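Structure, as structure tokens:
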Amino acid sequence: MRRIPIHQSLLRPALILGAERDLLLCSGLLALLVGVGGFTLYSALAGFLFWVAASFVLRRMAKHDPVMSKVWLRHVRQQEFYPARSTFWRL
């Protein structure tokens, strides 16, 4: 029987700072837009605090499940196909 090793990097999810890559980059972009868009020190502080809070929440979420956002998106897309209740004709 032939054995083919699968490298661990092919199975590991893409995380940045312990959070999902896409969500962390989007929250960083949003924080940058808020921080730079206001042209004040308060808006920069608000953007920085938003980024710190978002990265904390995203890290906790990724610690529980590294691909939770993709699972949630698939769940939302398939809700109309697979309702979470029994059908009318079930005995």
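The values are calculated or read from the model by the stated rules, or taken from the named source; none is laboratory data. The shown structure was predicted, so the numbers you read here are calculated from the model rather than taken from an experiment. Note: ideal-geometry Cβ built from the backbone for every residue, glycine included; neighbour counts use all protein chains shown. For the accessible areas, the whole protein counts, side chains as well, though only heavy atoms, and no ligand, DNA or RNA atoms are used. Shrake-Rupley method; radii C 1.70, N 1.55, O 1.52, S 1.80 Å.
Amide hydrogen proximity for residue 15: with H placed 1.01 Å from N in the peptide plane, no residue at 5 or more positions away or on another chain lies under 5 Å. How large a share of the accessible area of the chain, in percent, is made up of carbon and sulfur atoms when the probe is 1.4 Å and the other protein chains stay in place? For the chain, the apolar C and S fraction of the accessible surface comes to 67 percent. In the calculated pair-distance distribution of segment 14-91, the portion above 16 angstrom amounts to 61 percent of the Cα-Cα pairs. Rolling a 1.4 Å probe over the protein heavy atoms gives the chain an accessible area of 93 Å² per residue. With the simple model of a label 7 Å out from the Cα in the direction of the Cβ, residue 25 to residue 89 spans 4.7 nm. A Förster radius of 25 Å, combined with the Cβ-Cβ distance separating residue 2 from residue 70, puts the computed FRET efficiency at roughly 0.20.
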